[in-house]
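Below is one structure; the comments refer to it alone.
Here, each number is a calculation from the coordinates, and none is a lab measurement. Fair warning: this is a prediction, and the values are worked out from it, not measured in the lab. Cβ: placed from backbone, ideal geometry, glycine included. Neighbour counts: every protein chain shown.
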Amino acid sequence: MKLCNFCCLSISKNEAANNSLVASSGVYEYPWEIFSLKEILHATNNFHDDYMLGEGGFGTVYWGRTAAGSEIAVKRLKTMTAMAEMEFVVEVEVLGRVRHKNLLGLRGYFAGGDERLIIYDYMPNRSLLSHLHGHNAGEVLLNWQMRMRIALGSAEGIA
Ligand SMILES: Nc1ncnc2c1ncn2[C@@H]1O[C@H](COP(=O)(O)OP(=O)(O)OP(=O)(O)O)[C@@H](O)[C@H]1O
């Protein structure tokens with residue numbers, strides 16, 4: 001399951017508090033949708049290289065903008081292996097059930113032919129890994145207090 005690690009830096013308390021769907025537990029239901037391939041191709045400019053955010057073990061992630069104007073991240077799974085299919089099913093199934101301020105939000109998916117796409121909220125602050133050990137590690141020095149907050153936030157998201 002994807003933790004919304006670094007996005008703790010991007011979601012303010014006010015934003016969370018203003019979201020009428022947030023329950024007192026911090027867990028809230030959120031409507032996800034089944035996207036059409038056409039919508040995603042349009043949003044990502046046909047998976048244009050310039051829109052690429054990164055690459056993971058199972059696929060490539062692209063930035064996109066929906067027709068309604070919101071920013072999304074689209075994971076396009078690589079070849080349809082049994083493992084990739086499992087990753088797709090687990091990710092959609094688990095993230096589709098629950099929404100929490102510390103978990104990466106699922107916006108929806110597309111499945112058709114050999115194409116498997118998972119659509120998430122776009123996280124502009126990049127990954128926690130990049131802040132701890134990667135390109136962004138030098139930008140903001142994370143002191144122990146900040147690290148502690150991130151660790152607690154991660155634990156809350158998993159719980
Ligand atoms: N929702 C998102 N918003 C912004 N960037 C993202 C988002 N999801 C992924 N990325 C970018 O795409 C990269 C690849 O993400 P992906 O989830 O495929 O792999 P990973 O988490 O690095 O590894 P693994 O495939 O093992 O889970 C990330 O490192 C990040 O830079």
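Structure values in brief
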item: Amide H within-cut-off set for LEU53, under 5 Å, with H built and near neighbours excluded; result: VAL61, TYR62, TRP63
item: Karplus-derived 3J(HN,Hα), 6.51/-1.76/1.60, for each residue of region 139-147, Hz, glycine and proline x; result: 5, 10, 7, 7, 7, 5, 5, 5, 4
item: Pair ASP114, THR79: separation of 7 Å Cα→Cβ label points (nm); result: 0.9 nm
item: Charge-dipole axis of region 26-159 as Lys and Arg at +1 and Asp and Glu at -1 on Cβ define it, positive-most pick from THR66, SER36, PHE47; result: THR66
item: Over region 33-103 - Rg/Rh using Cα atoms and the Kirkwood inverse-distance radius; result: 0.97
item: Net lengthening on full extension, GLU33/ALA68 (0.36 nm per residue, minus Cα-Cα); result: 11.3 nm
item: Amide proton proximity set for ARG107, modelled H, under 5 Å, gap of 5+; result: ILE119, TYR120, ASP121
item: Computed magnitude of the charge dipole of region 49-159 (debye, nearest 20; Cβ of K, R +1, Cβ of D, E -1); result: 400 debye
item: Dipole of region 107-159, positive end: most advanced residue of MET148, GLY108, TYR120 [Cβ charges, Cα centre]; result: MET148
item: Extension gain from LEU129 to ASN46, taking 0.36 nm per residue of separation minus the Cα-Cα distance; result: 27.1 nm
